Structure formats: C-alpha cells, structure tokens
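All remarks here apply to the structure that follows.
The values are calculated or read from the model by the stated rules, or taken from the named source; none is laboratory data. A quick note: this is a predicted structure, and the numbers were derived from the prediction, not measured. FYI the Cβ positions are ideal-geometry reconstructions off the backbone, even for glycines, and counts take in every protein chain you see. The accessibility values were calculated without ligands, DNA or RNA, using every heavy atom of the protein model including side chains. Shrake-Rupley method; radii C 1.70, N 1.55, O 1.52, S 1.80 Å.
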Amino acid sequence: MFTLGIDSGSTTTKGVLFDGEKIVRTGILPTSANPRDSIHKLYQSLYNDEVAYTVSTGYGRELLETADKQITEITCHARGAAFLNPTIRAVVDIGGQDCKAVLLDNGLNVVDFIMNDKCAAGTGRFIEVMMRILEEDIKNIDSFVEGHEPINITSMCTVFAESEIVSLLAKGADKGDIALGIINSICRRTSFFAQKLNLTGDIFFSGGLAQFEIFRSTLESYLKIPVHTSPLSQYAGAIGAAVIGYNKVKRQA
Amino acid sequence: MQIKKELPEIFNDFGEMRKKSFMAAYELKQKDIPFVGTFCTYFPQEIALAMGACVVGLCSTSDETIPDAEKDLPRNLCPLIKSSYGFAKTDKCPYFYFSDLIVGETTCDGKKKMYEYLGEFKPVYTMELPNSQSPIALELWTKEVIKLKEKLESHFGTTITEDDIRKQIRIMNKVRRAMKEFYSLMKLEPVPLLGQDMFKVLYGSAYKFDKEALPGEIHALVEKIKAEYEQNPNKYPKAPRILVTGCPLGGGADKCVKAIEANGGHVVCFENCSGAKSFDREVDESNPDVYAAIAERYLSIGCSVMTPNRNRIELLDRLIDEFHIDAVVEVTLQACHTYNVEALSIKRFVNEKKGIPYMAIETDYSTSDIGQLNTRMAAFIEML
Ligand code: SF4
Ligand code: SF4
C-alpha cells in the first residue's frame, strides 16, 4: 500500500510516493502558467493501483479533484520536516512567493506559525529576479559565491533592490560579491521574520533554496540556532501530505 | 435648526439596494426625526435618544469610497477611517447624508484628525474622550456627557430632561440584555447558527431605530432559533469554537469570519464592537445622577484606545470561559496602531493565561487577500 502526497507550489509542483516507511518515488515539475495541468500530470506519473490515499497541499491544492483530502502547506511542511528530521522543533520555509515559519511542540504538532505573503522580498521570487539580472543560474550558486566578499544590499523591496544591483553592476562591482550580498539580505530578513516565533529548538529549512549550502549556513549564522536540511527538503510539503495520508488510512483500518 | 429632509442630487445614479436604504432614512426624516451620526461605541446613545433622535452608526466598511478619501487622507491610514470619510464626501451613505449632527470622540489619532476635515463640510461635534479610565478621566468624561446634552439642546433647539434620559437608560439596558440573550445562544454545543449569521443580527441591530421594539424582536428570534434547535440540534457539526476579537468588523471584514467557517471552524463569540464589547455592560439604573451613571458605563468599555486596557482582558477572560473557546482569532485593520500594538498582549494573555491558541490577521476591506486568509485559517484550524 502507498500514499501519494502532492504539493502544488507557486514555482514547482512536487509529488512523492510513500510506503509507510520511506519515500519510494519523487517527481517534480515546473508549475508554469497552468498549475492545473502540472498537478494532474504529476499525479498521473506517480499514481498506481496500490495508492490508497492522496493528499494535496500548496497553493494549487484545490486543483486536484481526485485527491482524498486537501491540507494546507503549513501543516504538511511541518509534518514532512518532522519526518525527515525528528529532532527539529521549527520549520523555516522560503517558498516561491511566500515565506513561513512554523513552531512545533515536542510531539511535533504545529503550535504556532507566521506567514509573509504580502511582499516578494524575503521569498524565492526575490532571488529569482536578482539572479536574472546577474545572468547566473541559481543551480551553481554555491560555487559562484565561494570565497567572495558580500556587498551590502540595502533596499528592502524587490523593485528597489533590482535597481540597486543594476547600478552596482554599472559601477563594475563583482557579480559573486553582489550575489553573496543578496543571499545575506534574504537570510537576514528571513531570520528577523522567523524570530517573531521565539524559536529555540533546531530548525528545518525547506523550500527550493534549501538545497544550497550557502543559504543554509547563512541562515544559521543569522538565527544562531542549528539549521538542518535534507536532500529531500524541497519535497517536505509533499512528504508531509503523504505521511498524513498514510496515518489516515491506518487509522481507518 | 432645520433638519435635512431632501434626497441628495446623485440619488438617481444609485443602485436599487442603496436607493432602498436612502428611502428608509428619507421616510424617517419626513416624520421630523433628527439624525445624530456616530462613529464609536463610546458615544453615549441615551443622550441623543432622549431628544427623540435616531442614532446612526457611520463606521463604513467598504472599500468603494477609499479612492475618494485618499485624495485628502494618507494612504496608510486605517481603512475604516478612509472609508467613512469617503462616504461622507460622496453622499453615498444615507445615514451620513441625513445626519443633522455628527458626533465624534477623541479615540484613535487617525479618527480624531479626520474629524477636523469632516467638519469642513458636515456639522461635526467632537467629544473629548480620555484615554485612560482613572477617576480624573471619569470626571472629565462625565462633564463631556453633560456638554453633549447641552450641545444637542442648542443645536436642535430642544430640551432634554433627566427623566427623558432615565427612560432611555431603561430602554437601552433592555436592548443590551436582549442582545446578550441572543449571542449567548452560541454557548450551546453544537451551535444553533453560524457565526456569520449571528454577526448579521448583531450588526443589523444598530440600524433598528425603534429601540423599544427591538428587545421583543430579538426575543422572538431567540425563541425561534431555540425551537429549531430542539428539532434539529445537529444542524451544524461539532467544530472548533473560535472567538473573534480586534477592530470593528463591519461588512468589509466579515471575509475573515467566512474564512474561518469555510475552513472547519465556528465563530461562537465576537468580542469586537458590534459584539460583546457594545452590549456587555449596562448603565446603573439605581444611580440618581444619570450623567455619572452613563459616563461610568461608557468609559469602562475596553477598547485599545485606552491605556492600560484591562477591561478588554477582563471581558475576554470571561467570554473564553463562558463560551468554551478553543482558539482566538484577532482581526486587525491595516494601520490601526492601537489594536496592532495591543495584539501582543492579547496573544500573551490567550496563550499563557488561557492556554489556547491565538492567531492575528491584519487585513483591510479589499478582497485581494481572500486566498491567503483561507490558507491561514485552514492551517490554524488544522492545528487545533
Ligand atoms: S474599536 Fe474602539 S474606537 Fe473603534 S468604535 Fe470600537 S470603541 Fe470606538
Ligand atoms: S480600527 Fe483602529 S485605527 Fe481604525 S478607527 Fe478603529 S481604533 Fe482607529
């Protein structure tokens, strides 16, 4: 028996197949302009006859009519993170168009959360826009900034930061230095935001940026609390959805 | 003075709904009933009622007139203030339009400064509301209540006797008891009606101008709901019981209530203005000094414009126990400093003293954040 978890985020749609113990398959697609297509495509590619229960989450969670249940990304991210690393007591997620921090209790239940969904600064979108100006692929970010000295980016707003970077480039500033400045800026902002929850225990960092060591270590230096990730960080929401689905099936049995 | 009796020039451009509410107000005006427009729960209604006036609430909660207001007022101002000012400027609200006198209070900074501009094109009288509840404050507020009576007498060329006031105190206390009886229905588990429907009644009651008839109507409604409940107590499934507190909700922010109820929660109690805050306390009928009795009752309202604001905590404490509340949702309006600042102490009280979850949402009267609101509320209720 398997359960399927699908996370329809603003940038990517992720899905995992769970057998009760481990994640047996993963899939990821760009959400693109048509989130309904992406979520259905991913569902079809992962679904098989042994899937007993499907849970959808994320912005587009309502687009998958065949799902047995829809659960918010807050609950799913928390559950997924706790599955990947049971020692954590909080989750910080930088998504494509929002940012959230979730506080867990010792039983790994959500006790409080905050969301920033009003402003692009502090989200994956910010990094995306900045990398486009630098004409660099985010995939190489770790090696790109290695050994560089960060340039302080002062603008809080995506639009102003964009023009700040354009003028830095015009002055001949080093691209790697600028990129590191951008990373510092988003991590600093994320840590101020997350600290509103009075975090104390270890943190799980999820979302697309969590796969890059530079984001993890920078975030950790601002938060001054151990920050963990996992190779499956990006799938935390989908994993949580699948895990919750599995528990539901077991309880029903 | 002459009271205003004719319809506004732009009347014919209005939609049906608005025409209807204009006509309802128009008919009252034809009976020579003066309108006193108000903005706040601190307004001592009994004084105006004692001269036979209709007391109309002018707090507007739609974003329709905000662009008009922003021509004069800063953008980052509370939407309630902007919306209200916008309606006054555009003659789109019958109650504004027909108000023969508007009475404001020095509550929050945005409102009291807005009254200065409002006074340029409407007759406005501002009462000085103290921002604490000390004995000195009460002394000032008692004088302000008497001054209001004198202002109404001179403005409308009438006399208001203490007996008239005493009579209105008794009537309004009956209204308060009736409204309390109504919202106390929500102590039932499972609930007999949806929070959004309860809110309509609470909010609508302010626009029922026959205050003597109101308790009877409310009582009949209570009986009807009780009878239906006996027939079918499980109409609404058991769900987490939510208390809503914070800024006045009105029509524009009821999206928060809907978001709670669409995502598995049940709003069983409103502490806001229009809710328990407006009805909880009665005026002391045994006090021979009617002004002191009125001043005492109104000044003790627990709004965040007061410092400290212990009475809000005291009321929340009671409501959370009486209504078996599972979680508290605070709805604040953007740029409402007093409520947004006070949110932390409410969170502390709710989490630490009452041991239940608390969530704050900051919003306005637009519909642009409905998606995010739904996610937040769903996640909050999943956590209960
Ligand atoms: S919230 Fe406070 S200032 Fe606003 S109407 Fe109510 S009592 Fe008045
Ligand atoms: S909601 Fe806040 S800022 Fe707006 S009028 Fe009321 S007290 Fe003032």
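Here are the criteria: (1) of a type in the set (G, A, S); (2) within 16 Å of ligand 2 (Cβ to nearest atom); (3) within 14 Å of another protein chain (Cβ to nearest Cβ). Tell me which single one B:G265 does not satisfy.
B:G265 satisfies all of (1) of a type in the set (G, A, S); (2) within 16 Å of ligand 2 (Cβ to nearest atom); (3) within 14 Å of another protein chain (Cβ to nearest Cβ) except (2).
Filter the range B:97-114 down to residues that are in a helix (DSSP H, G or I) and more than 16 Å from ligand 1 (Cβ to nearest atom) and give me whichever is nearest to the other protein chains (Cβ to nearest Cβ).
Once the filter is applied, the top-ranked residue is B:Y97.
Can you give me the number of residues within the range B:1-40 that are more than 26 Å from the chain's Cα centre (by Cα) and among the aliphatic types (A, V, I, L, M)?
Final tally of qualifying residues: 3.
Would you be able to tell me the number of residues in the range A:21-70 that are small (G, A, S) and open to solvent by 30 Å² or more (accessible area, probe 1.4 Å)?
Final tally of qualifying residues: 4.
Could you figure out which of (1) away from chain B (no Cβ under 12 Å); (2) among the small types (G, A, S); (3) under 16 Å from the mean Cα position of the chain (by Cα); (4) open to solvent by 10 Å² or more (accessible area, probe 1.4 Å) isn't true of A:G122?
With respect to (1) away from chain B (no Cβ under 12 Å); (2) among the small types (G, A, S); (3) under 16 Å from the mean Cα position of the chain (by Cα); (4) open to solvent by 10 Å² or more (accessible area, probe 1.4 Å), A:G122 is out only on (4).
When you look at A:I244, is it touching a residue at least 40 places away in the same chain (Cβ under 8 Å) and out of contact with any Ser or Thr (no Cβ under 8 Å at 6 or more places or on another chain), yes or no?
Answer is no for this residue.
Is it true that A:R132 is part of a helix (DSSP H, G or I), away from chain B (no Cβ under 14 Å), within 26 Å of A:S32 (Cα to Cα) and open to solvent by 50 Å² or more (accessible area, probe 1.4 Å)?
yes
Quick one: count up the residues across the range B:202-211 that are surrounded by fewer than 17 Cβ atoms within 10 Å (Cβ to Cβ) and not in a loop (DSSP other than H, G, I, E, B).
Result for the range B:202-211: 1.
Could you check B:A379 against (1) modelled with pLDDT of 95 or more; (2) at negative phi and say which number it fails?
(1)
For the range A:128-172, enumerate the residues that are within 16 Å of A:S185 (Cβ to Cβ), polar (S, T, N, Q) and at pLDDT 90 or above.
Residues satisfying the conditions are A:N152, A:S167.
Criterion first (open to solvent by 40 Å² or more (accessible area, probe 1.4 Å), assigned to a helix (DSSP H, G or I), closer than 29 Å to B:R170 by Cβ and basic (K, R)) does B:R348 satisfy it?
Spelling it out, it is not the case that B:R348 is open to solvent by 40 Å² or more (accessible area, probe 1.4 Å), assigned to a helix (DSSP H, G or I), closer than 29 Å to B:R170 by Cβ and basic (K, R).
Identify, from the list B:T245, B:T307, the residue that is within 14 Å of ligand 2 (Cβ to nearest atom) and open to solvent by 10 Å² or more (accessible area, probe 1.4 Å).
Just a single option satisfies the conditions, and that option is B:T307.
Give just the number: which of (1) under 25 Å from A:N109 (Cβ atoms); (2) out of contact with any strand residue (DSSP E or B) (no Cβ under 9 Å at 6 or more places or on another chain) does A:P150 not satisfy?
Tallying (1) under 25 Å from A:N109 (Cβ atoms); (2) out of contact with any strand residue (DSSP E or B) (no Cβ under 9 Å at 6 or more places or on another chain), A:P150 fails exactly one: (1).
Looking at B:F270, is it touching a helix residue (DSSP H, G or I) at 6+ places or on another chain (Cβ under 6 Å), within 13 Å of ligand 1 (Cβ to nearest atom) and under 27 Å from B:C256 (Cβ atoms)?
In short, no.
If we keep just the residues of the range A:52-66 that are modelled with pLDDT under 95 and over 21 Å from the mean Cα position of the chain (by Cα), which is nearest to the other protein chains (Cβ to nearest Cβ)?
A:E65
If you take the residues in the range B:316-345 that are open to solvent by 60 Å² or more (accessible area, probe 1.4 Å) and in contact (Cβ under 8 Å) with a residue 12 or more places away in the chain, which one is farthest from ligand 2 (Cβ to nearest atom)?
This residue is B:H324.
Select from the range A:71-102 the residues that are within 14 Å of chain B (Cβ to nearest Cβ) and surrounded by fewer than 20 Cβ atoms within 10 Å (Cβ to Cβ) and list them in ascending order.
A:Q97
Are any residues in the range B:363-376 at the interface with chain A (Cβ under 9 Å from one of its Cβ atoms) and under 12 Å from B:V329 (Cβ atoms), and if so, which ones?
B:R376, the sole residue that qualifies.
At pLDDT 95 or above and under 16 Å from A:I114 (Cα atoms), is that true of B:E282?
So B:E282 does not fit the description; no.
Name the one entry in B:T126, B:T90 that is away from chain A (no Cβ under 14 Å), surrounded by fewer than 21 Cβ atoms within 10 Å (Cβ to Cβ) and within 16 Å of ligand 1 (Cβ to nearest atom).
From the options B:T126, B:T90, the qualifying one is B:T126.
Please state which one of B:I301, B:I313 is aliphatic (A, V, I, L, M), out of contact with any Asp or Glu (no Cβ under 7 Å at 6 or more places or on another chain), within 24 Å of B:A137 (Cβ to Cβ) and away from ligand 2 (no atom under 16 Å from the Cβ).
B:I313
Kindly indicate which of B:S205, B:S274 is polar (S, T, N, Q) and at positive phi.
The conditions single out B:S274.
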